[in-house]
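The values are calculated or read from the model by the stated rules, or taken from the named source; none is laboratory data. Predicted model only: the values in this text are computed from it and were never measured. Cβ: placed from backbone, ideal geometry, glycine included. Neighbour counts: every protein chain shown. Heads up: the accessible areas ignore ligands, DNA and RNA and are worked out on the full protein's heavy atoms, side chains in. Shrake-Rupley method; radii C 1.70, N 1.55, O 1.52, S 1.80 Å.
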Amino acid sequence: SMGSSHVWTADLSHRVLAYLNSRHIAFTIPSLKAAMENLLEQRLYQPQKLLEDLRGTDAQQFHTAMKCLLEDKKDRLELDNIVIDLGEIRKQALQSPGVNRSLFLVTLERCFQVLNPLECVEILGMVLRGSSGRFLHPDIAESLPQDLREDVFKNLSALFKDLYDQTLAHAQRAVYCWMTGILKTSSNVTDDSVSWVSPPTDLPGLLHQIGLFISYDNATKQLDTVYDITPELAQAFLERISSSNFDMRNTSTIHRLGLLVCFYDDLELLEAAVAQVLLHQMIKCSHLRGFQAGVQKLKAELLEIATENQTLNETLGSLSDAVMGLTHSQLESLSPEAVQGAISTLNQVSGWTRSQVIILSAKYLAHQKVLSFYNVSQMGVLLTGVGTQAFHAMDRRDLMQLLRSATSLHVSDLSPAQQHGVLSKVMEAGDTVSGIVEIQGAFFKEVSLFDLWREPGFNSTVLKAKEIRRSQALFLFELLSETTRRPEELLSAGQLLKGVTCPHIDAMSADSFLAHFQYFEDNFSLLSLYQVNCLAWKYWEVSRSSMPPFLLAALPARYLASLPASQCVPFLISLGKSQLDSLVLDSHKKNSVLKKVQQCLSYIIADEYTVDILGNLLCHLPAAVIRHGLSPRAWATALRGLRDCLDLSPQQKAAVRLRLLEQHGLPQNWTAETVKDLGSFLALFSGDELSSVATKFPDILQQTASKMAGTLPPKEFLQTVFESVRNISVENPSSDPSPGECFWTNACWAPEDLLCLEEDTFLRSVELLGAVRSFSLAQLRKLKEKAVQVWDMPSYWRDYHIVSLGRIALALNESELEQLDLSSIDTVASLSQQTEWTPGQAKSILQGFLEDSGYRVQDLKSFHLVGLGAALCAMNITEISLIKILEFRVVVARIGTLLCSTQILAEFKRKAEVVFGEPTKWSSFVLQELGTIAGKRMPELWESLGGAPLRALSPTLLQELSAEQIASLGPENAAAVTPAQRRQLSMLQLQSLQRAVDGAKARSWLDAPPSASPARTPSSLSPPGKPFQWFLCSSVLLTVQD
């Protein structure tokens, strides 16, 4: 109230102080500062009080507060030596879940009366987007303003549309009713073009409205966005449009149908030209939520009509993405010229199967003896069909040009064998500097330590856009630490952060650590638990008062137990924004953390504000708290959070199920909105309970199931969805049951039924069936029998047949595997992707490749070794000794992921010793690179390793470790110790193991020198095949051994 100006001046500071003095308010600058900090903290951590404050302000004060929120000013207010950073306060406020909720409520209550309504919509947008729309609840319509200008209504509607996916179905219905109410009563809206959204009372009125709507140019734009429409509703729309005297075969009408075109069913006597128009419009059908099997069936029927009086060769370029429906034999019938002529269409289609890509690539390159840059640059998504050997045969300059071109985006989609085919050529003697630097994205992870070591031109800038595996990061961080004096250059270099070790963290000064901690916090997902543990200890030592509270969970449990009640809310908010599973692996320690969480909550979750504070911690609430500790007021908000949890325990799920039954009653009484809102929680109910849902809402059930891809719901739920799909096909014979709908429910097929699949169905879905992880061996055998029925004996199968099988190939016995043509390493690589081969099958694959390709073991290139994958485990010791060191050293990291027998790994370790020197001198990055090959390493290696997570823990090794060495394992390695391994340890070793699990400080790395950087050696290379050794003392010396 000190003048109308909102500008803070030095004069205003003096007037504030004078005002406080005139009121005889006793204060000192420190006490005033403390009072202001306390007030701000209270409002951040008790947002209900903020809501009360804002409700209690007069119009001018409220206006000022909202403007401050809206204007995003970076003002700093200075009152003597007190600095108030408004920008930082605003940022913290909008990151606080409870503050967002209070701002949302008070904006709806007061803003539209005080501010410009457009500004109010902007504020609502900020707080709703910051909360993923979770404040939109079914009662929302009662709070929404009713008298709005057209532009304000349009902006607010657009905001709700943006948040549609995050909004519960009940809330969607409430918002819809609000919108239709506004449109019906608004005196400003007289145009009939918008009246169509209001619920009609009679059919003629509806037909008139639909007719008007389809007539307007924005009909397409509207109908393109209805991606969650169901077949039933789409059919109703199509029937009403047809009844409104629209010619459903007119090109203009078809263009206006939007996603309704995906359910077009008037195919009788359809002309080929109309079928082609429909196919072009159906490109957008990939946006539909579910029902893709029906879409593919419709595309196949239209494809047949579109090519009735013409050959495939003539129409290939005009069939849009429906070409994905072409079978192997149809693709084989294409001429190379037709494929080359249509390449600009074919190279953009997303969704090709691997086998289709192989055929099309071979057709496109049929007349090319050696590939050029121009050829491959035209291929787009078909680049993955080029053979590994063909990449390796390319001119190095063409490959380098490929890596620099826009097509390089598709290089990351190549198989590891193909990538090594490219790498082996790029890394050939010559200009290796530009070679490595040009390798982008995930492809960079395939570069070996050997190739990194001989690259002299690295800097942190070139690493920012690359994916880096941990062994590369450990090596490169050491390397670049030597020449870089500014920590931010390394810490801001993307995934290089994975290479920060505890000695690096410990060596940072307090000021430097605090100044650069943000880099760690912003890239938390890149860090190992061991790194997080070291960061927590460092923060505790240098500035425990300002330590981010979630880091307390990484320290031993006693540190968290001593947390005062006054710090509970910041602790819960901080931990709720993290992922507890990535901070704490040990179940006992996790229980102690959750006990502290419950203490902080006083064992009850009272309201929605408490749910906001908990964030991701909701997923870890004990079943008893879910059942009895969540108040009714908190439940609705909590349910939404719980639905997004990926790994609830059976006890938690049972508690949720009981509360859902209490809230919604039995499933036979549920509405469509209830079924939608329950989402993945439908899987908590039995088949009998869901039978009424499957009968009343089959489309919604299948839509929900399609969203659950990537999870493994209970078998009973899968069976319910499966039966629902089959029942629809029985009721509607034109809708054939297809393995494509909710494909993981295919696990429910009886083995005999799989053998009865129609030939066309099998051909169109073989790759889909081969991707089902839960098929039993009995089911896979029937599918193999089906493949033999359709394709003849395995000796007749082409490379694309074998590649398309996926897991079905596991049913091939040894003699059948021997019949296959395995001359291509790409075919072998597709088989080696499967991890369930028996030793006999693996041996057949290995021998099949060597015999069919004509290679001897000593001839194998790096890309052959990568392509063979797990089949390498079928080699004998003599064969492994024949592998060339020159090839082995660049694929060590790949071989180090294999779970071969102890004898085979020991032989690989002997080869590793030729490359890296004696094991006692191996550094942490070498151990990371070797993975399982280093499994039989000596106990003293743990100290040089410093607890960095490894991929294997040898049971016999654990017994040999001293108590101090076990204590330095680090939380990740310690948590990986199995109960059987624990039983082999002494009492002293077990105590040390518990210290490591708990996050106790390991002393071994504290004694390491502040800097342990590798000394560079001349960049000259050793003669081909000669070894080089890596030594780790107080620093790493790299030398080339002749």
For this session: Please tell me if Asp217 is under 15 Å from Gln281 (Cβ atoms), exposed (fewer than 14 other Cβ atoms within 10 Å of the Cβ) and at pLDDT below 90.
Result: no
Problem set entry | Matching helices (runs of 4 or more DSSP H) fully within region 430-491 where at least 3 residues are under 22 Å from Val866 (Cα atoms) and in contact with a helix residue (DSSP H, G or I) (Cβ under 9 Å, 6 or more places away or on another chain) | 432-438, 449-453, 470-481
Problem set entry | Positions within region 637-677 being out of contact with any Gly (no Cβ under 7 Å at 6 or more places or on another chain), part of a helix (DSSP H, G or I) and within 20 Å of Lys577 (Cα to Cα), in sequence order | Thr637, Ala638, Leu639, Arg640, Gly641, Leu642
For this session: Please go through region 131-184 and pick out each residue that is part of a helix (DSSP H, G or I), over 23 Å from Leu678 (Cβ atoms) and either among the small types (Gly, Ala, Ser) or open to solvent by less than 30 Å² (accessible area, probe 1.4 Å) (or both).
Result: Val152, Phe153, Leu156, Ser157, Ala158, Leu159, Trp178, Thr180, Gly181, Ile182
Exercise. For Ser244, all conditions in the list (1) open to solvent by less than 50 Å² (accessible area, probe 1.4 Å); (2) out of contact with any Gly (no Cβ under 7 Å at 6 or more places or on another chain) hold save one; what is the number of the exception?
Worked result: (2)
For this session: Report whether or not Met379 is surrounded by 20 or more Cβ atoms within 10 Å (Cβ to Cβ), closer than 20 Å to Leu360 by Cα and out of contact with any Leu (no Cβ under 7 Å at 6 or more places or on another chain).
Result: yes
For this session: Mind listing just one residue for me: the one in region 492-530 that is in a helix (DSSP H, G or I) and small (Gly, Ala, Ser) and, of those, surrounded by the most Cβ atoms within 10 Å (Cβ to Cβ)?
Result: Gly499
For this session: Kindly list the number of the only condition in (1) aliphatic (A, V, I, L, M); (2) free of Cβ contacts under 8 Å to residues at least 60 places away in the same chain; (3) under 22 Å from Val803 (Cα atoms); (4) buried (at least 18 other Cβ atoms within 10 Å of the Cβ) that fails for Ala417.
Result: (2)
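Yes/no per residue for (1) of a type in the set (D, E, K, R); (2) surrounded by 17 or more Cβ atoms within 10 Å (Cβ to Cβ):
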{"position": "Leu259", "(1), (2)": "no, yes"}
{"position": "Phe263", "(1), (2)": "no, yes"}
{"position": "Leu267", "(1), (2)": "no, no"}
{"position": "Lys299", "(1), (2)": "yes, yes"}
For this session: Can you give me the number of residues within region 575-593 that are open to solvent by 20 Å² or more (accessible area, probe 1.4 Å) and assigned to a helix (DSSP H, G or I)?
Result: 7
Exercise. Which one is farthest from Ala417 (Cα to Cα), of the residues in region 369-403 that are among the polar types (S, T, N, Q) and touching a residue at least 60 places away in the same chain (Cβ under 8 Å)?
Worked result: Gln389
Seminar exercise, completed: Output for Cβ contacts, cut-off 8 Å, separation at least six or different chains, first residue closer than 21 Å to Leu514 by Cα in region 537-566, second of a type in the set (S, T, N, Q) and outside any loop (DSSP other than H, G, I, E, B), reads Pro548/Ser574; Pro549/Gln567; Pro549/Ser574; Phe550/Ser574; Ala554/Asn533; Leu555/Asn533
Problem set entry | Residues (under 25 Å from the mean Cα position of the chain (by Cα) and touching a residue at least 60 places away in the same chain (Cβ under 8 Å)) located in region 585-610 | Leu585, Asp586
For this session: Give me the pairs, please: first residue somewhere in region 869-889 and in a loop (DSSP other than H, G, I, E, B), second residue anywhere and open to solvent by 30 Å² or more (accessible area, probe 1.4 Å), beta-carbon distance under 8 Å, and either six or more positions apart or on two chains.
Result: Ile883/Gln858; Lys884/Gln858; Lys884/Gly1025
Exercise. Would you call Ser412 among the small types (Gly, Ala, Ser), outside any helix (DSSP H, G or I) and surrounded by fewer than 22 Cβ atoms within 10 Å (Cβ to Cβ)?
Worked result: no
Exercise. Taking region 682-734 only, how many residues are open to solvent by 20 Å² or more (accessible area, probe 1.4 Å), among the small types (Gly, Ala, Ser) and at pLDDT below 90?
Worked result: 4
For this session: Could you identify the single residue in Glu879, Glu814 that is modelled with pLDDT of 95 or more, under 30 Å from Val772 (Cβ atoms), surrounded by fewer than 21 Cβ atoms within 10 Å (Cβ to Cβ) and not hydrophobic (A, V, I, L, M, F, W, C)?
Result: Glu814
Exercise. Only one residue in Ser592, Ser602 is farther than 30 Å from Asp511 by Cβ and at pLDDT below 90, so which one is that?
Worked result: Ser602
Exercise. Could we say that Glu488 is within 26 Å of Asp581 (Cβ to Cβ) and surrounded by fewer than 16 Cβ atoms within 10 Å (Cβ to Cβ) here?
Worked result: no
Exercise. Any residue in region 365-372 that is open to solvent by 50 Å² or more (accessible area, probe 1.4 Å), under 26 Å from the mean Cα position of the chain (by Cα), hydrophobic (A, V, I, L, M, F, W, C) and within 23 Å of Ser830 (Cβ to Cβ)?
Worked result: no
For this session: Looking only at region 594-618, count how many residues are open to solvent by 40 Å² or more (accessible area, probe 1.4 Å) and farther than 16 Å from Ser131 by Cα.
Result: 6
For this session: Give Ala634, Ala624 a once-over and let me know the one that is modelled with pLDDT of 90 or more, open to solvent by less than 10 Å² (accessible area, probe 1.4 Å) and not in a strand (DSSP E or B).
Result: Ala634
For this session: Would you mind stating whether Val106 is at pLDDT 90 or above, buried (at least 19 other Cβ atoms within 10 Å of the Cβ) and either in contact with a Lys or Arg (Cβ under 9 Å, 6 or more places away or on another chain) or assigned to a loop (DSSP other than H, G, I, E, B) (or both)?
Result: yes
Exercise. Can you tell me which residues in region 789-828 are under 19 Å from Val386 (Cβ atoms), in a helix (DSSP H, G or I) and without any contact (Cβ under 8 Å) to a residue 40 or more places away in the chain?
Worked result: Ile802, Thr827
Problem set entry | Leading residue by the ranking (farthest from Glu673 (Cα to Cα)) among those in region 215-230 that are of a type in the set (Ser, Thr, Tyr) and in a loop (DSSP other than H, G, I, E, B) | Tyr216
Problem set entry | Flag for Gln652 being out of contact with any strand residue (DSSP E or B) (no Cβ under 7 Å at 6 or more places or on another chain), of a type in the set (S, T, N, Q), open to solvent by 20 Å² or more (accessible area, probe 1.4 Å) and free of Cβ contacts under 8 Å to residues at least 60 places away in the same chain | no
Exercise. Here are some conditions: (1) surrounded by fewer than 21 Cβ atoms within 10 Å (Cβ to Cβ); (2) closer than 19 Å to Glu332 by Cα; (3) under 36 Å from the mean Cα position of the chain (by Cα). Tyr800 meets all but one. Which one does it not meet?
Worked result: (1)
Exercise. If Thr307 satisfies every condition in (1) surrounded by 18 or more Cβ atoms within 10 Å (Cβ to Cβ); (2) in contact with a Pro (Cβ under 6 Å, 6 or more places away or on another chain) but one, which is the exception?
Worked result: (2)
